[in-house]
1. Let me confirm something: among Thr156, Thr131, which residue is surrounded by fewer than 19 Cβ atoms within 10 Å (Cβ to Cβ), in contact (Cβ under 8 Å) with a residue 40 or more places away in the chain, on the phi < 0 side of the Ramachandran plot and of a type in the set (S, T, N, Q)?
2. Which condition breaks for Tyr170 when tested against (1) out of contact with any Gly (no Cβ under 8 Å at 6 or more places or on another chain); (2) in a helix (DSSP H, G or I); (3) surrounded by 15 or more Cβ atoms within 10 Å (Cβ to Cβ)?
3. Name every residue in region 107-127 that is in contact (Cβ under 8 Å) with a residue 40 or more places away in the chain, in a loop (DSSP other than H, G, I, E, B), surrounded by 12 or more Cβ atoms within 10 Å (Cβ to Cβ) and not small (Gly, Ala, Ser), in order of residue number.
4. Taking only pairs six or more apart or across chains, which ones have beta-carbon atoms under 8 Å, a first residue in region 235-262 that is farther than 30 Å from Ser199 by Cβ and touching a residue at least 40 places away in the same chain (Cβ under 8 Å), and a second residue that is surrounded by fewer than 19 Cβ atoms within 10 Å (Cβ to Cβ) and of a type in the set (S, T, N, Q)?
5. For region 170-204: of the residues being more than 14 Å from Glu58 (Cα to Cα) and among the charged types (D, E, K, R), which is nearest to the chain's Cα centre (by Cα)?
6. Is it true that Trp151 is part of a strand (DSSP E or B) and at negative phi?
7. Can you go through Lys60, Lys104 and tell me which one is exposed (fewer than 15 other Cβ atoms within 10 Å of the Cβ) and closer than 26 Å to Ala166 by Cα?
8. Considering each residue of region 283-318, count those that are free of Cβ contacts under 8 Å to residues at least 40 places away in the same chain and out of contact with any helix residue (DSSP H, G or I) (no Cβ under 8 Å at 6 or more places or on another chain), and give that number.
Amino acid sequence: MILSNRVFTLLFIILMNNLYSQEKKPHDFTQSIGGSNLGIEMVAIPAGSFSMGSITSEEKRGKEEGPIHTVELNSFWLSKYEITWELYNLFVNRAIDSIESNSKANELEIEIDAISGATIPYVDMSLGMGTSEGLPVGNVTQFAASQFCKWLSAKTGHFYRLPTEAEWEYSARAGTSTAYHFGDDPKILDEYAWSYENSEDTYHPVGQKKPNPWGLYDMHGNVAEWTLDQYISEIYTTRNGVTQSPIEISKEEYPCSVRGGSYYDDAEYLRSAARLGSNENWKMRDPQFPKSKWWNTDAPFVGFRIVRDPNVPKETEINNYWGE
């Protein structure tokens, strides 16, 4: 059968568009860190839209989770696991600052010597739960988590930051609209998360439970996770129509938004839509004045995971994403 020129042209355009789409689709990768044998597995999160928040009939729903609204997001990468003590201590100790990777990118240039270093903790910030291999870091402030991202950006040449609230929920849901990414029944939460019911009051090595449909581990439970956003309880009421990549840059230390719930929480706080704002009681036992900007003393249940954003902000805006 001989194809007409018109049909042939149409098929050629479709083929080229498919090839272009495949080239542009992000792929998972592992971020190496020069001077270390550690890496950070990054999962490609596709661009798309979702309904942010929870329906009024969702059990244990909080009023700050509504109204539901449509959010559109660009593609990005999110770390497969929560950041561990091993990784965070590379930033605290700073012994590998001068060692560059052979594969360093050139998306941005930052002088690593100009990045503030975290103070060495003066007590065991794990509160006895441990900092050994695979355990998630806890008791770090949002500022400290953001500075880790800035340091990693300088080390790698890629733009790293904390996820926004919208990015976090989109990734946690992974295409689902139920209370948890596995459904609405908290009775099977044990298969996917460490919560108050099964944790024995401690966090656990990352990645021991089942992942969500996009291959992300511990999005429910283990440690709760910092986001970039200032926590504003009624912010959803201000969003009309389709909202593109919403973010509420933190301008004050408290409250900032924390997502996912932790080993210390009941199931209702681990839901995909559940929101929590930080508070100053998380530094209650800090004897310093002023209190540390790097460490909490009473929030070992809060850690973080990171985003690699392919869209690097303008130089005048980029520090907003690193808590400065």
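1. Sole residue among the options that is surrounded by fewer than 19 Cβ atoms within 10 Å (Cβ to Cβ), in contact (Cβ under 8 Å) with a residue 40 or more places away in the chain, on the phi < 0 side of the Ramachandran plot and of a type in the set (S, T, N, Q): Thr131.
2. Here Tyr170 clears every test but (1).
3. Glu107, Leu108, Ile110, Thr119, Pro121, Val123, Met125, Leu127
4. Listed by first residue and then by second, the contacts come to Gly241/Thr70; Val242/Ser49; Val242/Thr70; Thr243/Thr70; Ser245/Asn74; Ile249/Asn320.
5. Among residues in region 170-204 that are more than 14 Å from Glu58 (Cα to Cα) and among the charged types (D, E, K, R), the one nearest to the chain's Cα centre (by Cα) is Arg173.
6. Considered against the rule, which asks whether it is part of a strand (DSSP E or B) and at negative phi, Trp151 comes out as no.
7. Result: Lys60 is the single residue among Lys60, Lys104 that is exposed (fewer than 15 other Cβ atoms within 10 Å of the Cβ) and closer than 26 Å to Ala166 by Cα.
8. 12
The values are calculated or read from the model by the stated rules, or taken from the named source; none is laboratory data. These numbers come from a predicted model, not from an experiment. Virtual Cβ from ideal backbone geometry, glycine too; neighbours counted across all protein chains shown.
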